[in-house]
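Enquirer: Attaching a single structure in structure tokens format; questions to follow.
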Amino acid sequence: YLALCTANLPTPSIVDGSQHFETALFTGTGSTRSVTSLSYQPDFTWFKRRDGAVNHALYDVIRGGTNALRSNTTGAESQFGDAVVTFQSDGFEIAGTNVSGINGSGESIAAWNWKAGGTAVSNTDGSLTSQVSANTDAGFSIVSWTGTGSAATIGHSLGVQPSMIIVKNRIDGRNWSVWHKDLSSNDHYLRLDSTDAQASAGANYWNSTAPTSSVFSVGAEGDVNDSGDAMIAYCFANTDTTKAGSYTGNGSS
């Protein structure tokens, strides 16, 4: 037996998790400003005003910094006022003056920042070619593809099975769809933009198939694979810094 001490533990794949995910808290100025508190260039940033009822605003390296997705609505991607977000080596810049909810004067803002893999590359592991920015160390990838309206597989480039996948149709007013390893079956899904419990749609969402180490499956449902529409997915795999799990409540502390 070995003594229980850090010297006898295996070397973690990631020593400093802050090199892959960080939260930035700042006060908006109402005009162009930079937030430079990060130790890396983010590839996915999720904004939310903390002191007002304003939509969330999500940006990523594949879709660019002009159009936001709003995780609490079914809306297609569109510009958030006149805000334009530029990812920088140590954070991000927000340009524009009509920016309430993301950088309004005096507003308290939270920004959650993930590091993916920078500029996307083509992935041909699935039946459809995808564009992927992947951080295999942290277990996070951003995946885009063009929907077909029929069952397909999509390459995610993580090298391990994802534990959670969040999918959004960028073009149409569609629900946010979530696959999670702890849902009742591979026919079930959750939605970010509603209070609904998990539901089953048969093979329409995930083709009744769990993700593999190279691809995830989508069905014919327009929320996840509408014909001709640009789709985006955020994939998370369990690693030293990323975990997707579940628990059963007990109604007390």
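Enquirer: Within the range 97-110, does at least one residue satisfy the condition of being under 25 Å from Gly173 (Cα atoms) and under 20 Å from the mean Cα position of the chain (by Cα)?
Expert: yes
Enquirer: Considering each residue of the range 108-124, count those that are free of Cβ contacts under 8 Å to residues at least 60 places away in the same chain, assigned to a strand (DSSP E or B) and buried (at least 21 other Cβ atoms within 10 Å of the Cβ), and give that number. Let's see the steps before the verdict.
Expert: Kept after step one, since they are free of Cβ contacts under 8 Å to residues at least 60 places away in the same chain, are these residues of the range 108-124: 119-124.
Next cut, assigned to a strand (DSSP E or B) only: 121-123.
Remaining after also requiring buried (at least 21 other Cβ atoms within 10 Å of the Cβ): 123.
Residues meeting the conditions: 1.
Enquirer: Moving on to the next point. Give all pairs with beta carbons closer than 7 Å in which a residue from the range 72-99 that is over 14 Å from Tyr59 (Cα atoms) meets a residue that is of a type in the set (A, V, I, L, M) and assigned to a strand (DSSP E or B); count only pairs at least 6 apart in sequence or on separate chains.
Expert: Gly96/Val84
Enquirer: Another question about this same structure. Taking the range 27-54 as the region of interest, how many residues are hydroxyl-bearing (Ser, Thr, Tyr) and either open to solvent by less than 40 Å² (accessible area, probe 1.4 Å) or free of Cβ contacts under 8 Å to residues at least 12 places away in the same chain (or both)? Spell out how you get there, then give the answer.
Expert: Filtering the range 27-54 for residues hydroxyl-bearing (Ser, Thr, Tyr) gives 27, 29, 31-32, 34, 36-37, 39-40, 45.
With the extra rule that they be either open to solvent by less than 40 Å² (accessible area, probe 1.4 Å) or free of Cβ contacts under 8 Å to residues at least 12 places away in the same chain (or both), the set shrinks to 40, 45.
Looking only at that region, the number is 2.
Enquirer: Within the range 172-200, which residues are in contact with a Gly (Cβ under 8 Å, 6 or more places away or on another chain), surrounded by fewer than 18 Cβ atoms within 10 Å (Cβ to Cβ) and within 25 Å of Thr73 (Cβ to Cβ)?
Expert: Keep residues of the range 172-200 that are in contact with a Gly (Cβ under 8 Å, 6 or more places away or on another chain), which gives 172-174, 182, 187.
Of the ones still in play, those that are also surrounded by fewer than 18 Cβ atoms within 10 Å (Cβ to Cβ) are 172-173, 182.
Matches in the range 172-200: Asp172, Gly173.
Enquirer: Take the conditions under 25 Å from Asp223 (Cα atoms), surrounded by 15 or more Cβ atoms within 10 Å (Cβ to Cβ) and small (Gly, Ala, Ser) and apply them to Ser100. Does it pass? Before the answer, list the steps.
Expert: Details: under 25 Å from Asp223 (Cα atoms): no; surrounded by 15 or more Cβ atoms within 10 Å (Cβ to Cβ): yes; small (Gly, Ala, Ser): yes.
Answer is no for this residue.
Enquirer: Mind checking which residues of the range 86-107 are hydroxyl-bearing (Ser, Thr, Tyr) and touching a strand residue (DSSP E or B) at 6+ places or on another chain (Cβ under 6 Å)? Write out each step before concluding.
Expert: The first filter runs over the range 86-107 and keeps only residues hydroxyl-bearing (Ser, Thr, Tyr), leaving 86, 89, 97, 100, 105.
Once the filter is applied, which keeps residues that are hydroxyl-bearing (Ser, Thr, Tyr) and touching a strand residue (DSSP E or B) at 6+ places or on another chain (Cβ under 6 Å), the range 86-107 yields only Thr86.
Enquirer: Hey, could you check the range 215-239 for residues that are outside any helix (DSSP H, G or I) and over 18 Å from the mean Cα position of the chain (by Cα) and say which is nearest to Ser150 (Cα to Cα)?
Expert: Narrowing the range 215-239 to residues outside any helix (DSSP H, G or I): 215-221, 226-239.
Cutting the leftovers down to over 18 Å from the mean Cα position of the chain (by Cα) gives us 219-221, 226-229.
On the way: Gly219: 6, Ala220: 4, Glu221: 8, Asp226: 8, Ser227: 8, Gly228: 11, Asp229: 12 Å.
Going through the qualifying residues, I end up with Ala220.
Enquirer: Filter the range 125-169 down to the residues that are part of a loop (DSSP other than H, G, I, E, B) and surrounded by fewer than 19 Cβ atoms within 10 Å (Cβ to Cβ) and list them by number. Spell out the reasoning first.
Expert: Looking only at the range 125-169, we keep the residues that are part of a loop (DSSP other than H, G, I, E, B), and these are 125-127, 129, 136-139, 147-151, 156-163.
Matches in the range 125-169: Asp125, Ser127, Thr129, Thr136, Asp137, Thr148, Gly149, Ser150, Ala151, Gly159, Val160, Gln161.
Enquirer: Which residues, taken from the range 219-248, are of a type in the set (Gly, Ala, Ser), over 14 Å from Asp182 (Cβ atoms) and open to solvent by 50 Å² or more (accessible area, probe 1.4 Å)?
Expert: Result: Ala220, Ser227, Gly228.
Enquirer: Can you find, within the range 224-243, the residue that is nearest to Asp60 (Cα to Cα) among those that are at pLDDT below 95 and in contact with a strand residue (DSSP E or B) (Cβ under 7 Å, 6 or more places away or on another chain)?
Expert: Among them, the one singled out is Thr242.
Enquirer: Open to solvent by less than 10 Å² (accessible area, probe 1.4 Å) and within 20 Å of Gln131 (Cα to Cα): does that describe Ala57? Walk me through how you get there before you give the answer.
Expert: Details: open to solvent by less than 10 Å² (accessible area, probe 1.4 Å): yes; within 20 Å of Gln131 (Cα to Cα): no.
Criteria not met by Ala57.
The values are calculated or read from the model by the stated rules, or taken from the named source; none is laboratory data. Because the structure is predicted, anything quoted here is derived from the model rather than measured. Reconstructed Cβ throughout: ideal geometry from the backbone, glycine too, with neighbour counts over all protein chains shown. Surface areas here come from the heavy atoms of the whole protein model, side chains and all, with no ligands, DNA or RNA. Shrake-Rupley method; radii C 1.70, N 1.55, O 1.52, S 1.80 Å.
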